[in-house]
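Step one of this worksheet: look at the structure below.
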Amino acid sequence: MRLEIKEYIAAGICLILLFSLVSVTYAETWNIEYIYASPLRVEEPKVVFHEGTVGTSIIYMNNTSAKISVQSPMGLKYGYIFKSSNVRVQTSSNSPVDDSEAILNINLERASPVLIIYNAGNRHGSTESYYGKGCAINIDGLDVAYSWQSPCSANYANSVTVIYATNLTAGPHTIKGRFFSNYAGSTVGIDTRHIAVFWFQNITVYGIRSTTSCSTRSIRPVDDPYAIITFNLSVDSVAFIIYNAGNRHGSTESVRGKGITINIDGADIHVMQWQSPYDTNCANSLTIIWVEELGAGQHTIKGRFFSNRANSQTTIDERQLIVVCFPANLFLYYGFVWSTTTVSTNSGTPVNDSEALLSINLAWDSVALAMYLGGNPHNALETLAGKGVQLQVDGVDRVESVSWQSPHSANYANSATSLWCGDLPAGSHVIRGRFFSNSAGSTVTISHRQLVLLAFPKPAKYNYVLRVENKDVESWRIRLRTFSQVNIGRLLDCTISFSDDYRASEQIIVSDGVYLQEYGEWLDIGSLDTIYISMVVLARDAGLSKIYAYLEVLVPNTSTYNLMTLEFELS
């Protein structure tokens, strides 16, 4: 199981600089703003600066103030939590029950748009009714979205994807993946699942979820009339689009099943996905993704669908269409590849889809969301046992991303979706989509695929930009307090803290351009002890920001303290 959620001084204190000290602009300062503090003057400075081991450190003669310069990544303010698990659960209930391995708790700092993706399935050979299962997303006790799927036959591979986007209020929320049998009393199960939740600030997420049924007999894409979003962008943006559509058990559905695609501003994208059900009028759903750079102005995104057999009716009972628009100047790291070149394998272990390869170079440590979708149309070579898909990151198979699906019968339409989320350090990375046969020796095919990687830079973390060392035999108390600033409105996050091996104390906090905290709690620094100053920073755009602060040093056994001046520069 894998769960990620997403530091100066009078007599006897020595301050050691461990990051860039570019200049010193302030001389000694005593009790400038605090009228209740008694005057105290140190004849000889007891604070000394030593060159750091990272960046550029410059020591000045007065040795009583410091300038710290760091670089901040540009990006978005976001949060995320991801969980994958291969613990099997099962049910025979036809009403949703909790997937005990897909329960997430989040706490939002402020009201935010939220994107949720839940993918769950069983491998070939596990207990699964031929009527298949449905899955749901539940938020704070309410089921908000559904999808359904059926396998080739009893105990064949069967997976379901369901997505949802909404705005959630600040505070705690519980998000669950849930599942149920499409036929009461028939057992269905989940062998592996992936559930990802992302929330953003200052980002618009457009989402539609509709339960109004529609159908078509056309073999060419037609609009899903309940999956159309029109919106206006104020800036050029990168759009991440997900369309998920399906029918429940009992709705009119040909054994050939359906296909789906996406239309952007009147033009269909270059790829499709297809799926066939267990039998006539059985559950059948599928997912497709796309990434598109959109200019400022009005845009219309549509989900479209078609029958895999002329004059055979296919139905959509529920769909979810989501468009997440990231301003292009902030969303610098993403990769997307699509292809309509056919590849096949009869291997029972994962092999590379030669058409699903991404190489990306990250300037900063990042959180990555990757999805790989691969499918075949009717009449492509596909064993009735179906295929599995999974992701590989830097040569390591992410087995927790695996998903399986089987078609109605041999050479019928079949597609599968893989999902992974995790940390990627700064540097070069290679992401691959891989696939395999659920029955070794039997051929499976991928005709169309999409592989996407979205990378969100983490706030840069600078440990030990300064070191505060008490060389005195008495304990002291210290804290930071701001007194001025320049251009902090561009800072999405700036946290300046004290820390050592046993404790941490956040002293100054800037969030979304405003102070959440301008001074910290007093922290004891014991005899001959050491405290570090660290910084975490993230900016929304290019520029230069400065925070001016005092290090207040409380003299032992008195109410008197000294002030040392610090300038934090963030470029």
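Under a model in which nothing but the beta-carbon of Lys, Arg (+1) and Asp, Glu (-1) is charged, region 206-331 shows a dipole of about 420 debye around its Cα centre. Here region 461-520 is assigned +1 on the Cβ of each Lys and Arg and -1 on the Cβ of each Asp and Glu. Its dipole about the Cα centre then comes out at about 120 debye. The phi torsions of region 487-495, fed into the Karplus equation with coefficients 6.51, -1.76 and 1.60 and a -60° offset, translate into couplings of 6, 7, x, 7, 8, 6, 8, 8, 10 Hz, rounded to whole numbers, with Gly and Pro shown as x. Structure shown: which of 461/546; 133/387; 302/458; 83/258 lie over 23 Å apart, alpha-carbon to alpha-carbon? Check vs 23 Å cut-off fails for 302/458; 83/258. Estimated at 0.36 nm per residue, the fully extended path between residue 516 and residue 399 surpasses their Cα-Cα distance by 38.0 nm.
Find the percent of Cα-Cα distances in region 86-201 that exceed 17 Å, and round it to a whole number. Mind dumping the intermediate values first?
Details: 3371 of 6670 pairs.
Cα-Cα pairs in region 86-201 separated by more than 17 Å: 51 percent.
Label-to-label distance, residue 92 versus residue 109, with points set 7 angstrom from Cα along the beta-carbon direction: 5.0 nm. Of the peptides 508-521, 114-127, the ranking by mean beta-carbon count within 10 Å, highest at the top, reads 114-127, 508-521.
Note on residue 340 and residue 473: the extension gain reaches 40.6 nm, defined as 0.36 nm multiplied by sequence separation minus the Cα-Cα distance. Taking label points 7 Å from Cα along the Cα-to-Cβ direction, residue 268 and residue 204 give a separation of 2.8 nm. The chymotrypsin sites (Phe, Trp or Tyr not before Pro) of region 344-409 include none that meets both conditions, a loop assignment by DSSP and at most 10 other Cβ atoms within 10 Å of the site Cβ. In a reduced charge model with +1 at each Lys and Arg Cβ and -1 at each Asp and Glu Cβ, the chain shows a dipole moment near 1760 debye about its Cα centre.
Note on region 206-331: the alpha carbon radius of gyration divided by the globular reference 2.2 N^0.38 Å gives 1.09.
Expected output is a single nm value to one decimal: the length gained when fully extending between residue 544 and residue 502, i.e. 0.36 nm times separation in residues minus the C-alpha distance. What is it? Numbers along the way, then the final one.
On the way: separation 42, 0.36 × 42 = 15.12 nm, distance 3.32 nm.
Using 0.36 nm per residue and subtracting the Cα-Cα distance, I get 11.8 nm.
Amide H contacts of residue 191 (H built 1.01 Å from N, in plane; Pro and chain starts excluded): 121, 122, 123 sit under 5 Å, all sequence-distant by 5 or more or on other chains.
Calculated translational diffusion coefficient of region 402-453 (37 °C, 0.692 mPa s; Stokes-Einstein with Kirkwood radius over alpha-carbon pairs) equals 242 µm²/s.
Looking at the chain alone, DSSP beta bridges between its own residues are antiparallel in about 95 percent of cases.
Under the combined filter of DSSP loop state and at most 15 neighbouring Cβ atoms within 10 Å, region 473-571 retains these trypsin sites (Lys or Arg not before Pro): 503. In order along region 510-523, phi translates into HN-Hα couplings of 10, 9, 6, x, 9, 6, 9, 8, 9, 8, x, 6, 4, 10 Hz, rounded to whole numbers, per the Karplus curve 6.51 cos²θ - 1.76 cosθ + 1.60 with θ = phi - 60° and x for Gly and Pro.
Using only the alpha carbon atoms of the chain, find the Kirkwood hydrodynamic radius as the inverse mean reciprocal pair distance, in angstroms to one decimal.
Values: mean 1/r = 0.0386 Å⁻¹.
Taking every pair of different Cα atoms in the chain, averaging 1/r and inverting gives 25.9 Å.
Modelled spin-label separation between residue 174 and residue 229, with each label point placed 7 Å from Cα along the Cα-to-Cβ direction: 2.8 nm. Of the residues 404, 421, 371, the one whose Cα sits farthest towards the positive end of the charge dipole of region 336-452 is 404 (charges of +1 on Lys and Arg Cβ, -1 on Asp and Glu Cβ, taken about the Cα centre). If you model region 336-452 as an ellipsoid using its alpha carbon gyration tensor, with each semi-axis the square root of five times an eigenvalue, the axes come out at 27, 13, 11 Å, biggest first. For the pair region 434-452 and region 246-315, the centres of their Cα atoms are 20 angstrom apart.
Read-outs: derived from the displayed coordinates by stated rules, not from any lab. In this text the structure is predicted, and so the values were computed from the model without any measurement. With ideal geometry, Cβ positions are generated from the backbone for all residues, glycine too; neighbour counts draw on all protein chains shown.
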